[in-house]
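A quick write-up on the structure given underneath.
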Amino acid sequence: MGSKTVINRWTPHTRINWVEDVFWAGSDTLKARAISALTWAFKEWETRVGVLGFHKNAVGAAGGTTIEYCLSYSEEVHPTNPKAVCAADLPNTRPLSIIWCYPLANDSTDDGLRQIMLHEVGHVHGLQHEMDEAVATLIGVKNVLSVMNYGMRYDLQQSDIEAVRAFYALPAGPFGQAVIERTNERSE
Ligand SMILES: [Zn+2]
């Protein structure tokens, strides 16, 4: 008998709109690299997982499009993890969420930045770190190679794909969140 828990997610099978920050405070080089890496990561999730679509909107585009995410640069390190290269807000009801690049992103290779963005897009889907049992609720099988673990590699695993599809197939609770049985009692 697990206790109920509610996990925020976006409405399944909708399109998430994103923009680059017009006030990007980092270098133009990093901005171009970050946009490229994030575009690649969104496409990976869209084509291989397929529960959300992603669209980069033109800066300043007119019309009533709701923008869910902005790719931004922070000159300050992450408030709780000074070693963070990037970070992404989980799904929430605020008007705009952020995917951050921190100063350490300047030291990342293009490939490294792509792998990190692949992980950040997992957060965009509503996923916590798989190894962080205090806050994460496991759906499906545990896999140390999960894209949501910290490690030497961040590839999207088949177990990640299946778990996220299962998460987005759960019935909607209040505000469209998924309500699931919590089975990991240690996390209480
Ligand atoms: Zn993370």
Between a first residue in segment 143-155 that is assigned to a loop (DSSP other than H, G, I, E, B) and a second residue that is within 11 Å of the ligand (Cβ to nearest atom) and at pLDDT below 90, which pairs have beta carbons less than 6 Å apart while being 6 or more apart in sequence or on different chains?
146/130; 147/154; 148/129; 148/130; 149/130; 149/131
Of all residues in segment 95-142, count the ones that are assigned to a loop (DSSP other than H, G, I, E, B), among the polar types (S, T, N, Q) and within 15 Å of the ligand (Cβ to nearest atom).
2
What single numbered condition from (1) within 19 Å of residue 115 (Cα to Cα); (2) buried (at least 19 other Cβ atoms within 10 Å of the Cβ); (3) not β-branched (Val, Ile, Thr) fails to hold for residue 36?
(2)
Counting only residues that are β-branched (Val, Ile, Thr) and touching an Asp or Glu at 6+ places or on another chain (Cβ under 6 Å), segment 1-44 contains a total of 2
Considering segment 94-113, residues that are modelled with pLDDT under 95 and within 15 Å of the chain's Cα centre (by Cα), and then whichever is surrounded by the most Cβ atoms within 10 Å (Cβ to Cβ), we arrive at 97
Which of the residues belonging to segment 40-88 are without any contact (Cβ under 8 Å) to a residue 24 or more places away in the chain, part of a loop (DSSP other than H, G, I, E, B) and surrounded by 13 or more Cβ atoms within 10 Å (Cβ to Cβ)?
84
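The values are calculated or read from the model by the stated rules, or taken from the named source; none is laboratory data. Treat the numbers as computed from the prediction; the structure is a model and nothing was measured. Glycine gets a Cβ as well: all are built from the backbone with ideal geometry, and neighbour counts include every protein chain shown.
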